[in-house]
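Colleague: Okay, here's the structure, questions in a sec.
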Amino acid sequence: MVLLGFVDLDPELTALGALGGFFVLRTGAPPRDGLPTLAQAYAPGPPDAPSDAHEHPMTVRVRKVARSLRASEDRVAASIAHQGLAARLWSVALGCATLYGHVPDLDPRLLHWDPNGSAPDDLWLSEVRALPVEALDTVVRAGHLAPLAAVLTSRYRVSGRLLRGNAGSALASTVRMVEGWARAEGRPGVAECARALAAGLFTHPDLARTIDPATGRRRSCCLYYRLPGGGLCGDCCFDRPPGRG
């Protein structure tokens with residue numbers, strides 16, 4: 001891995017803004033009271049019920065996605081919601097790792113989330129604490145993607161293989177975005193760093209074999225094609241939507 005001129009994490013993680021809005025992480029208190037933490041979103045809860053002020057945060061998010069995309073199947077909305085949140089988490093963590101040389105502590109108890117917000121997911125980190133870059137896997141995959149997959153599988157019966165594919169696809173997409181920025185800015189070391197970190201992450205059994213290294217295509221489908229007007233994603237495992245000739 002290329003060693004870059006790293007700097008300490010600043011309280012507002014301002015360097016992430018250079019990579020684009022998808023990478024930005026707000027810091028400090030959320031803009032209004034009552035926004036849940038991701039720890040609350042990952043916690044087991046009662047089955048989905050009619051909307052009320054105390055419904056589970058994951059229920060709120062999946063319903064929001066379903067309404068926005070006109071998804072008639074909860075598992076499809078749950079898959080798309082999962083991919084969006086996974087991409088945001090990988091972007092923040094990998095962006096910090098490549099630009100700062102540190103990873104922020106993204107403990108789910110420190111991250112507030114607006115499950116009823118628009119895409120990309122709105123996140124607020126209440127306290128910025130630096131961790132070594134070696135903690136990248138623990139922070140995102142173990143700290144977030146594992147409990148996120150557990151709650152979605154439990155509540156919406158989404159395939160674990162599909163969710164692992166979503167996580168791998170989101171990581172690969174994040175690397176491509178970092179590489180694109182690095183090329184434009186003439187910073188090849190940043191791109192090399194991102195690729196090296198991702199290569200290490202893809203050795204874990206949860207991510208290994210989710211992406212075909214020869215083609216860059218995933219080995220499972222996120223179900224996007226099942227949305228009204230939905231087609232195939234750029235890295236889809238299918239050549240044409242199933243059941244459509």
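Colleague: Which order, highest average first, do 31-42, 203-214, 165-176 follow once you tally other Cβ atoms within 10 Å for each residue and take the mean per peptide? Don't skip to the end; give the middle numbers.
Modeller: Working: 31-42: 16.1, 203-214: 13.6, 165-176: 23.7.
The peptides rank, most packed first, as 165-176, 31-42, 203-214.
Colleague: Using Cβ counts within 10 Å as a stand-in for footprinting exposure, how do THR98, THR138, THR59 rank, fewest first? Present the calculation step by step, with values, prior to reporting the outcome.
Modeller: Numbers: THR98 29, THR138 12, THR59 20.
Fewest-to-most ranking of THR98, THR138, THR59: THR138, THR59, THR98.
Colleague: Let me ask another. Step by step: find N for the stretch 88-245, compute 2.2 N^0.38 Å, then divide the Cα radius of gyration by it. What's the final number?
Modeller: Numbers: Rg = 16.3 Å, N = 158, 2.2 N^0.38 = 15.1 Å.
Scaled against compact globular proteins, the figure is 1.09.
Colleague: May I ask you to compute the full-extension gain from THR215 to ARG129, defined as 0.36 nm times their residue separation minus their alpha-carbon distance, rounded to one decimal in nm? Let's see the in-between values first.
Modeller: Details: separation 86, 0.36 × 86 = 30.96 nm, distance 3.74 nm.
This chain segment gains 27.2 nm when fully extended.
Colleague: For the stretch 63-129, max minus min Cα coordinate along each principal axis, in Å, sorted largest first?
Modeller: Computed over the stretch 63-129, the largest-to-smallest principal extents equal 42, 21, 16 Å.
Colleague: By how many nm would the segment from ARG109 to ARG161 lengthen if fully extended, with 0.36 nm per residue of separation less the alpha-carbon distance? Numbers along the way, then the final one.
Modeller: Details: separation 52, 0.36 × 52 = 18.72 nm, distance 2.66 nm.
Extending this stretch completely gives an extra 16.1 nm.
Colleague: With charges only on Cβ, +1 for K and R and -1 for D and E, what is the dipole size of the chain about its Cα centre, in debye, rounded to 20?
Modeller: On the way: 27 positive and 24 negative charges, 228 e Å.
Result for the chain is approximately 1100 debye, rounded to the nearest 20.
Colleague: Indicate, rounded to the nearest 5 percent, the antiparallel portion of the DSSP beta bridges found entirely in the chain.
Modeller: On the way: 9 of 11 bridges.
Within the chain, antiparallel bridges account for around 80 percent of the total.
Colleague: What's log10 of I(q)/I(0) for the stretch 81-175 at q = 0.10, 0.13, 0.16 Å⁻¹, Debye sum over Cα points only, no solvent?
Modeller: Result of the Debye calculation: -0.25, -0.42, -0.64.
Colleague: Here's a follow-up. Determine by what factor the alpha-carbon radius of gyration of the stretch 162-232 differs from 2.2 N^0.38 Å, reporting the quotient. Intermediate results must be reported in sequence, preceding the final value.
Modeller: On the way: Rg = 13.8 Å, N = 71, 2.2 N^0.38 = 11.1 Å.
So the Cα radius of gyration is 1.24 times the expected 2.2 N^0.38 Å.
Colleague: Please arrange ARG161, ARG219, ARG75 by counting, for each residue, the other beta carbons lying within 10 Å of its beta carbon, fewest first.
Modeller: Working: ARG161 12, ARG219 16, ARG75 19.
So the ranking, lowest neighbour count to highest, is ARG161, ARG219, ARG75.
Colleague: Moving to a separate point now. So for the chain, averaging the separation of alpha carbon pairs under 8 Å that are six or more residues apart and normalising by length, what relative contact order in percent results?
Modeller: Working: 374 pairs, mean separation 57.4, N = 245.
It comes to 23 percent, rounded to a whole number.
Colleague: On to the next question. Which order results if CYS236, CYS221, CYS96, CYS193 are arranged by neighbouring Cβ count within 10 Å, fewest first?
Modeller: Details: CYS236 18, CYS221 21, CYS96 27, CYS193 24.
By the 10 Å Cβ count, ascending: CYS236, CYS221, CYS193, CYS96.
Bear in mind that the values in this text are calculations on the coordinates, not laboratory data. Quantities reported herein were computed from a predicted structural model and do not represent experimental measurements. In this analysis, Cβ positions are derived from the backbone assuming ideal geometry, glycine residues included, and neighbour counts consider all displayed protein chains.
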